[in-house]
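This report concerns only the one structure given below.
The values are calculated or read from the model by the stated rules, or taken from the named source; none is laboratory data. None of these values were measured; they are calculated from a predicted model. Cβ sites come from the backbone with ideal geometry, for glycine too, and all protein chains shown count toward neighbours.
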Amino acid sequence: MEIIMKKAGFVFMIMLSLTACEKFEIRGFVTAYEQVNERFDQSMDWNAEHPYREIVVDEDDYSIFSMGDSHVGSTRNLDIFFNECISAGAAAVVFAGDFTTGHTEDYDLFYSHLPDHEVLPYFAIVGNHDLYFDGWKKFQQLFGTSSYMFTVKTPAATDLFICLDSGSGTLGSAQIQWLKNLLKEERQAYRNCILFTHNNLFRIRRTFSTNPFVEEIRELADVCVRYEIDMVITGHDHQRNVVTFGNTVHVTMDALEDINKDPTYLKLNINQGQLLYQFSSVQ
Amino acid sequence: MHTYSLKYLLIFITVLLLRSYAVAQVHLSTYIDGGKINISDEGLMKTSFLATYRMNKLSISSGGQLELTGPSPNTLTGLYLKGGYGVTIKNFPFEVHGIFLLNPYSEIIHEWNIGLLANVEKPHFTWKLGAGVRKYYITGDAQDEYDINDVSGLYEKWNVLYEATYTLKPRGHIWNTGISITNLDYFLINQETNPMVNIHGSWNISTPITIYAEGWYKSAGTFNISANSFGYFFRTGLIWKLS
């Protein structure tokens, strides 16, 4: 009995320390501040007043840069990343979630380091860490939406990019239906189609990071084949991984956070219509 | 094979089956699920049929699942096969289960799982622990339709399979109730990071027939520490024991 009590006390102390931790909230194991369907509805309300953005580039070849899991806090790698985006002339940049810890001051710090939107168009998706400490409200205040599309128009063709909210480990029924409707109506009008979201669809390495439920993955895998999605780009797992399933390449990015030993970001180069990707180290 | 050898083999198997019938048990089970999961606004209703043949230390189960309403365009959404064998090591009895599960989700995506589990049963507790591998694959018709030449299948890394069940009354009591946490169901194997919780109750209404009911809750993103409800369903069914 004494041993059981000691073990129970140890578990309690761990839970207490997690509660007090600046990175986690123990309540999140049971429930988040809001459900994904609520966030999706709020994203759609914002989208209704802010039409999707079309980026027009002068040349057929262009690049999109993406990073995930910067977990600001500190901004050393983030600043290097932005500088390299600008110097390379990226058409746009996508933050694939967990770019903050969810604290308001970290959102403010991240936002203060962002380049001018006219110099470097940026698109943000919420990750699970961005939702901690009631972070969605601040995310929405700064970025408005986490479920949306944007396009890049070249002289030759237009590519479709879709950003999805999976911060709570599920896209939710409303967002999945929206995605399916969008692809059904719009996919044929575009050359390439790339999805960005935070959570990884497949478990392609041993990891404790969470994927959507199997029932949701089946549905999303079906959507990827049916609508000929070229690439799905995610973060979350902090370790790069690439796997091809059907005609879709699933890319998991490294974490960009400063404490990562080998932080990288993703360069997505569209050359003569072909999608090429490259992980670039932050030196 | 020589005709005489074949004849003796058939006689041997027949005798073995007749002998085993005296000690064998057959369980037939059917249940219906009703609920909702967070990939569709449509409600979910499924029915399943299971049969278990148990002979001494050996057991074999198989079953099928039909989706009556739900997100899958297919009606047959699950096939299940399980073999079990009782083992005792140093006075510690347990069963080893091998599982094969096929989920023909749509005309495009199918999934199969294989797994190996140790099953320990105590009067009030059931523990299951093992490992499994999952493969998603694109059907041949879909490969042709969508011009998929190379990678039509995807293996996920091995996955821990688990179940912990506590029941209020000891095993075999005329009625019972309990709670489980698991990533396993008959026709679903979740990732280890997506546990499901169920509460259940059963009542042995007559010698061969037991009715049971279960309530299941699925929480997405628990290990994201940003949990959302993924879904719930209620199950009710009966088990008919033929001896």
Fill in: Residues of the stretch B:106-118 that turn out to be free of Cβ contacts under 8 Å to residues at least 40 places away in the same chain and either at the interface with chain A (Cβ under 10 Å from one of its Cβ atoms) or of a type outside the set (Phe, Trp, Tyr) (or both), as a count
9
Worksheet item: What are the residue pairs meeting all of these: first residue in the stretch B:189-204, first residue in contact (Cβ under 8 Å) with a residue 40 or more places away in the chain and over 23 Å from B:LEU238 (Cβ atoms), second residue buried (at least 20 other Cβ atoms within 10 Å of the Cβ) and polar (S, T, N, Q), Cβ atoms under 8 Å, and 6 or more apart or on different chains?
Response: B:ILE189/B:ASN113; B:ILE189/B:ASN159; B:ILE189/B:ASN183
Worksheet, complete the sentence: Log entry, pairs with first residue in the stretch A:40-61 being modelled with pLDDT of 95 or more and among the hydrophobic types (A, V, I, L, M, F, W, C), second being surrounded by 15 or more Cβ atoms within 10 Å (Cβ to Cβ) and part of a helix (DSSP H, G or I), beta carbons closer than 6 Å, six or more apart or on different chains, reads A:PHE40/A:ALA174; A:PHE40/A:GLN175
Worksheet, complete the sentence: Restricted to the stretch A:200-230 and to residues being hydrophobic (A, V, I, L, M, F, W, C) and at the interface with chain B (Cβ under 7 Å from one of its Cβ atoms), the residue nearest to A:ILE176 (Cα to Cα) is A:ALA221
Worksheet item: Only one of (1) within 26 Å of B:ASP150 (Cα to Cα); (2) more than 11 Å from chain B (Cβ to nearest Cβ); (3) charged (D, E, K, R) is not met by A:LYS261, so which one is it?
Response: (1)
Worksheet, complete the sentence: Taking the stretch B:83-106 and the residues there that are closer than 23 Å to B:TYR136 by Cβ and of a type in the set (S, T, N, Q), the one that is farthest from the chain's Cα centre (by Cα) would be B:SER106
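Residue-wise test of (1) more than 8 Å from chain A (Cβ to nearest Cβ); (2) loosely packed, with under 15 Cβ neighbours inside 10 Å.
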{"site": "B:ILE179", "(1), (2)": "yes, yes"}
{"site": "B:LEU188", "(1), (2)": "no, no"}
{"site": "B:GLN191", "(1), (2)": "no, no"}
{"site": "B:HIS200", "(1), (2)": "yes, no"}
{"site": "B:THR207", "(1), (2)": "yes, yes"}
{"site": "B:SER229", "(1), (2)": "no, no"}
{"site": "B:TYR232", "(1), (2)": "yes, no"}
Response to the item:
Reported set for the stretch A:242-267 where residues are under 15 Å from the mean Cα position of the chain (by Cα), hydrophobic (A, V, I, L, M, F, W, C), part of a strand (DSSP E or B) and closer than 25 Å to A:THR158 by Cβ is A:VAL251, A:LEU266
Worksheet item: Checking B:GLU121 against (1) surrounded by fewer than 18 Cβ atoms within 10 Å (Cβ to Cβ); (2) free of Cβ contacts under 8 Å to residues at least 40 places away in the same chain, which test does it fail?
Response: (2)
Fill in: Identity of the residue in the stretch B:132-152, within 28 Å of B:ASN183 (Cα to Cα), within 11 Å of chain A (Cβ to nearest Cβ) and modelled with pLDDT of 95 or more, that ends up surrounded by the fewest Cβ atoms within 10 Å (Cβ to Cβ)
B:LYS135
Practice prompt. Tell me which residues, restricted to the stretch A:199-241, are charged (D, E, K, R) and in a loop (DSSP other than H, G, I, E, B).
Written response: A:ARG203, A:ARG205, A:ARG206, A:GLU228, A:ASP230, A:ASP237, A:ARG240
Discussion item. For the structure I just gave you, tell me whether A:LEU131 is in contact (Cβ under 8 Å) with a residue 12 or more places away in the chain, buried (at least 24 other Cβ atoms within 10 Å of the Cβ), of a type in the set (A, V, I, L, M, F, W, C) and farther than 29 Å from A:LEU275 by Cα.
Written reply: yes
Worksheet item: Going through the stretch A:104-118 one residue at a time, which ones are over 19 Å from A:ASN77 (Cα atoms) and either in a loop (DSSP other than H, G, I, E, B) or within 14 Å of chain B (Cβ to nearest Cβ) (or both)?
Response: A:HIS117, A:GLU118
Worksheet, complete the sentence: A careful count of residues in the stretch A:166-199 that are more than 10 Å from chain B (Cβ to nearest Cβ) and either touching a strand residue (DSSP E or B) at 6+ places or on another chain (Cβ under 9 Å) or among the β-branched types (Val, Ile, Thr) (or both) gives 14
Worksheet item: Out of all the residues in the stretch A:54-92, which are over 20 Å from the mean Cα position of the chain (by Cα) and either part of a strand (DSSP E or B) or within 16 Å of A:VAL152 (Cα to Cα) (or both)?
Response: A:VAL56, A:VAL57, A:ASP58, A:GLU59, A:ASP60, A:ASP61, A:TYR62, A:GLY89
Practice prompt. Could you please let me know if B:TYR80 is under 13 Å from the mean Cα position of the chain (by Cα) and of a type in the set (Phe, Trp, Tyr)?
Written response: yes
Worksheet, complete the sentence: Within the stretch A:103-126, residues being under 19 Å from A:THR151 (Cα atoms) and in contact (Cβ under 8 Å) with a residue 40 or more places away in the chain number 3
